[in-house]
Amino acid sequence: MTRILKFIFLFAGLGLLVWAMQSVDTTRVFELLLDMGYGFILILLVFALVTYIDTIAWQYNFHPDQVSRFSSLQLWRIRQIGEAYNVITPLGTMGGEPVKAQLLKDHHGLTFKQGLASLVITKTTMLTGLITFFIPGIILIYQSEIVSTEFKYISLIGMVVFTILIFLFFLFQVTGMLGVLATWADRVIPALTGHAFLDQLKTLDGLMSAFYREFPDRTIKSIFYAFVGWVVGLGELYFALVFLGYDPTFTELWIIEALTQLVKVGSFYIPMSLGAQEGGLVVIFIGLGLTGDLGLAVSFVRRIKELAWVSVGLLLGWTMAFKPAKTEPSES
């Protein structure tokens, strides 16, 4: 059933992509892309900085005694490998997370559950950082005289719903609700659940809830760096627009990026947000009084950037595969 749904969502995304390309002058779009020149290099450099900042945000979600097992560069490499698998696997943004946890286990002596706990916490802090990025975005949207009232309402509803869901996800981890549900399932429907699997869920839940209680300062620092990463990412959009022939204002940059990320989060079930990103950017740019051609061109620039970094991640994974593990998993 999951595989069938994936194919349905994929075809839905392809439909959105076709609609986006039919809604604009594709000849003009490709002309804009050809005029980018060395702008692609600047975009890749900005994104490289963003990935390193995101790595620091992840690093704060390990216990202090675990951090000494790897350097920031080693963690960055693992992150890039996992992110490449997030793109190429049909599991959306979750396909590469087990890969990251396994690499931490094989090469840096952490247990699989320790690595996975840090990744779930990081997913939460990254999305919480995105919420803090959304807040100025929605304020700027409502102050804009160009954006229509309907567009403002839709944006506000989307951001409020997203914020509530992330807040509930955060409470789910802090309160240990995952362990409670696993215990309930073990008692009520033991025939339909595996004891070993439920025990693993309880262990994972204990690791996460304990981290939040013991290291709230590290959680806050992770959220801060996640927010900084989203802000620095505005530079990527700025260079893309400038080299596509448009000089954006700071307000436009923040609004476009906030709405784009909202579209990506809302379309996580579509592999690579294919079509959703393209159609979303066309609608966003038209809603801001810009051209759909420019919006689709920006989306294609991002696709090229993604392919470049997927190549980097796969190359790093290929080289790492030839390095055997030299450490033993920790006990805690």
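For segment 24-63, taking the residues that are assigned to a helix (DSSP H, G or I) and among the acidic types (Asp, Glu), the one that is modelled with the lowest pLDDT is identified as Glu31. Can you name the residue in segment 28-68 that is closer than 30 Å to Asp217 by Cβ and small (Gly, Ala, Ser) and, of all such residues, is farthest from the chain's Cα centre (by Cα)? Here the residue is Ser68. Of everything in segment 207-255 that is part of a helix (DSSP H, G or I) and among the charged types (D, E, K, R), the residue that is surrounded by the fewest Cβ atoms within 10 Å (Cβ to Cβ) is Asp217. The number of residues in segment 250-270 being modelled with pLDDT under 75 and either within 18 Å of Val301 (Cα to Cα) or among the aliphatic types (A, V, I, L, M) (or both) comes to 1. Among the residues of segment 87-119, those identified as of a type outside the set (S, T, N, Q), farther than 17 Å from Asp65 by Cα, modelled with pLDDT under 90 and touching a helix residue (DSSP H, G or I) at 6+ places or on another chain (Cβ under 6 Å) are Val87, Pro90, Gly95, Gly96, Glu97. In segment 284-299 there is at least one residue that is part of a helix (DSSP H, G or I), touching a helix residue (DSSP H, G or I) at 6+ places or on another chain (Cβ under 7 Å), surrounded by 18 or more Cβ atoms within 10 Å (Cβ to Cβ) and acidic (Asp, Glu). Restricting attention to segment 155-175, does a residue exist that is more than 27 Å from Ile56 (Cβ to Cβ), surrounded by 15 or more Cβ atoms within 10 Å (Cβ to Cβ), at pLDDT 75 or above and among the small types (Gly, Ala, Ser)? So far as segment 155-175 goes, yes, one or more of its residues are more than 27 Å from Ile56 (Cβ to Cβ), surrounded by 15 or more Cβ atoms within 10 Å (Cβ to Cβ), at pLDDT 75 or above and among the small types (Gly, Ala, Ser). Within segment 67-86, the set of residues being outside any helix (DSSP H, G or I) and either at pLDDT 95 or above or within 13 Å of His107 (Cβ to Cβ) (or both) comprises Arg69, Phe70, Ser71. All conditions but one from (1) over 13 Å from the mean Cα position of the chain (by Cα); (2) within 21 Å of Gly317 (Cβ to Cβ) apply to Leu119; the one that does not is (1).
The values are calculated or read from the model by the stated rules, or taken from the named source; none is laboratory data. Worth saying up front: this structure is predicted, and the values here are computed from it rather than measured. Positions of Cβ are generated from backbone atoms using ideal geometry, with glycine treated the same way; all protein chains shown enter the neighbour counts.
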